[in-house]
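Readers should treat all values here as calculations from the given coordinates under stated rules, not as data from a laboratory. Values in this document were obtained by computation on a predicted structure and should not be read as measured data. We place every Cβ from the backbone using ideal geometry, glycine too, and count neighbours over all the protein chains shown.
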Amino acid sequence: MTRFATLPYVVQDSELVAIVPERVARALARTHAVRIFALPWPIEPVEVAAHTRHAPGRGGPQQWFLEVIRTAMTRMPAL
């Protein structure tokens, strides 16, 4: 989300548009004067992946973080 943090300030007072993931658009629209529009063309879903070392080389903190990501992704409702 941080890479999109300044985006609403750029588009809310201009005629500019931005294409962002729908979840990001919804979050930004809750707190900024931006509107959400559907794209006029179909797009393919984007795959989200986490790449790590093989299990034997994974340290405790890395394993913990990977599990946090897995849990968050499985609990995320579909759009």
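Listed values, structure above:
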{"read-out": "Ranked ARG30, ARG23, criterion: other C-beta atoms within 10 Å, fewest first", "value": "ARG30, ARG23"}
{"read-out": "Calculated [θ] (222 nm, deg cm²/dmol) that DSSP helices of n ≥ 4 give over the chain, each run adding -39,500 (n - 2.57)", "value": "-11500 deg cm²/dmol"}
{"read-out": "Net charge, ALA78 excluded, C-beta distance under 15 Å - Lys, Arg +1, Asp, Glu -1", "value": "+1"}
{"read-out": "Cα convex hull of the chain - mean projected area over all directions, nm²", "value": "7.2"}
